[in-house]
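What follows is a single structure, written as structure tokens, with notes after it.
The values are calculated or read from the model by the stated rules, or taken from the named source; none is laboratory data. Values in this document were obtained by computation on a predicted structure and should not be read as measured data. Ideal geometry is used to build each Cβ from the backbone, glycine not excepted, and the neighbour counts take in all protein chains shown.
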Amino acid sequence: MKVGILGATGYAGQELVRLLQRHEEVKELYLSSSSVAGENYDTVYPHWLDQNVGILQDENIPDVDVLFCALPHGLTAERTSAFLARKMKVVDLGADFRLNAAEIYEEWYKIKHPAAELLKDAVYGLPELYREQIRGKCLIANPGCYPTATLLALVPLLRRQLLQTSYLIIDAKSGVSGAGRGVSLNTHFGEVNENFKAYGVANHRHTPEIEQELSRAAGQPLTINFTPHLVPMTRGMLVTIYAKVSDGVEEEDLRNCWSDQYQNEEFIHRLPPGTWPQTKFSSGSNHAFLQLTLDKRTGNAVIVATIDNLLKGAAGQAVQNMNLAMGWPESQGLKGTALWP
């Protein structure tokens, strides 16, 4: 099978290369970068030296079976119709097809949606929650990293109406690689090292994506408080959620709900009581770890989820979606646990 990657030199793009190089079904890999076309891939990432990954091409990708688009928002959507017309399956790691309504996209991303007519054809690609909808699809919107961790924790509980929808606080932390590979003062070593800061307060672009999918689970519109933070580490994501439980709900009800949803899921792990997620549990892997407790004193559930922002939060999940779309074993190319320490 032939696979292409637009944006192969970004952090998520490089992780796609790493995963697809060991994927049994991928026989040809076309790598694209508008900034360094013509260069050998190992000149950008020297750790690939002597492994014959290939020459970076411009964005005129030849015909491939699956195309991964790891580009900034707006750049994928304007070309997607042409890709689909060439019978490619498209997995978009950007934001262009995550939101159902073009006007919400335009409000939060400050540009006109380049392909609003395709929104109805896209499926939201979170396999553990929407597996059957993803199978065989041609246009898959890979979720954002913050939404992935948050939705894995909350969607099953909201579907069963175990949580009140009027009070949901999401306190999230991410490593610096979530900001991408581009040069920015905010991610400069001197700004990040020995520092810890909130950003995107009350206006982070993942907010409408989270609200959309939580509202879908709850069967009614809901609003969240979502605050992301930047942590002085390279990769990893930990999300702490505070939620009021519905009347009569006990901690066992919450745990049983997770068990029913995830007992057969290879990549989702419910930790035993008293063991709380750490970012190193998932670092370098496609695995997610969940834990919760019901604080009897406040009546609030405290829920914690951790993922690797570049794997389950980006490239790993994208490969998982490709496997579903192509009818292959879902974990193909994704085996392996985290790196420790």
Inset, instruction - Please determine, by comparing only the residues of region 292-341 that are closer than 18 Å to Ile268 by Cα and without any contact (Cβ under 8 Å) to a residue 40 or more places away in the chain, which one is surrounded by the fewest Cβ atoms within 10 Å (Cβ to Cβ). - result: Lys335
Inset, instruction - Evaluate the following for Ser81: is it touching a Leu at 6+ places or on another chain (Cβ under 9 Å), assigned to a helix (DSSP H, G or I) and hydroxyl-bearing (Ser, Thr, Tyr)? - result: yes
Inset, instruction - Taking only region 27-43 into account, find how many residues are under 24 Å from Met1 (Cβ atoms) and touching a residue at least 24 places away in the same chain (Cβ under 8 Å). - result: 8
Inset, instruction - Please work out which residue is nearest to Asp171 (Cα to Cα), limiting yourself to region 184-229 and to residues that are of a type in the set (S, T, N, Q) and surrounded by 14 or more Cβ atoms within 10 Å (Cβ to Cβ). - result: Thr227
Inset, instruction - Could you give me the residue pairs with C-beta distances under 8 Å whose first residue belongs to region 185-206 and is farther than 24 Å from Ala141 by Cα, whose second residue is of a type in the set (Gly, Ala, Ser) wherever it lies, and which are 6+ apart or on separate chains? - result: Asn186/Ala179; Thr187/Ala179
Legend entry - Pick from region 130-151, criterion over 11 Å from Ile210 (Cα atoms) and within 16 Å of the chain's Cα centre (by Cα), ranking: surrounded by the most Cβ atoms within 10 Å (Cβ to Cβ): Asn142
Legend entry - Extreme residue, surrounded by the fewest Cβ atoms within 10 Å (Cβ to Cβ), among residues of region 102-129 that are assigned to a loop (DSSP other than H, G, I, E, B) and not charged (D, E, K, R): Ile111
Legend entry - Some residue of region 33-40 being within 26 Å of Gln320 (Cβ to Cβ) and either touching a strand residue (DSSP E or B) at 6+ places or on another chain (Cβ under 6 Å) or not in a loop (DSSP other than H, G, I, E, B) (or both): no
Legend entry - Criterion (modelled with pLDDT under 95 and either farther than 22 Å from His287 by Cα or in a loop (DSSP other than H, G, I, E, B) (or both)) met by exactly one of Pro143, Pro72: Pro72
Legend entry - Residue within region 126-143 that is of a type in the set (D, E, K, R), free of Cβ contacts under 8 Å to residues at least 60 places away in the same chain, more than 28 Å from Gln261 (Cα to Cα) and out of contact with any strand residue (DSSP E or B) (no Cβ under 6 Å at 6 or more places or on another chain) present: no
Inset, instruction - Determine whether region 60-80 contains at least one residue that is free of Cβ contacts under 8 Å to residues at least 24 places away in the same chain, crowded, with 18+ Cβ neighbours inside 10 Å, assigned by TED's automatic domain parsing to the domain that holds Leu6 and more than 16 Å from Thr9 (Cβ to Cβ). - result: yes
Inset, instruction - Give the residues of region 79-120 that are charged (D, E, K, R) and over 18 Å from Glu213 (Cβ atoms), sorted by residue number. - result: Arg79, Arg86, Lys87, Lys89, Glu106, Lys110, Lys112, Glu117
Inset, instruction - Kindly list, by first and then second residue, each pair from a residue in region 269-281 that is of a type outside the set (Val, Ile, Thr) to a residue that is in a helix (DSSP H, G or I), limited to pairs with Cβ atoms under 7 Å and residues at least 6 apart or on different chains. - result: Arg270/Trp258; Arg270/Ser259; Arg270/Tyr262
Inset, instruction - Go through the residues of region 246-262 one by one and say whether even a single one is within 27 Å of Val201 (Cα to Cα) and more than 21 Å from the chain's Cα centre (by Cα). - result: no
Legend entry - region 44-59, residues that are in contact (Cβ under 8 Å) with a residue 12 or more places away in the chain and of a type outside the set (Val, Ile, Thr): Tyr45, Trp48, Gln51, Gly54, Leu56, Gln57, Asp58, Glu59
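I need the full set of residues from region 92-101 which are among the small types (Gly, Ala, Ser) and either out of contact with any strand residue (DSSP E or B) (no Cβ under 7 Å at 6 or more places or on another chain) or surrounded by fewer than 17 Cβ atoms within 10 Å (Cβ to Cβ) (or both), in order please.
Ala95, Ala101
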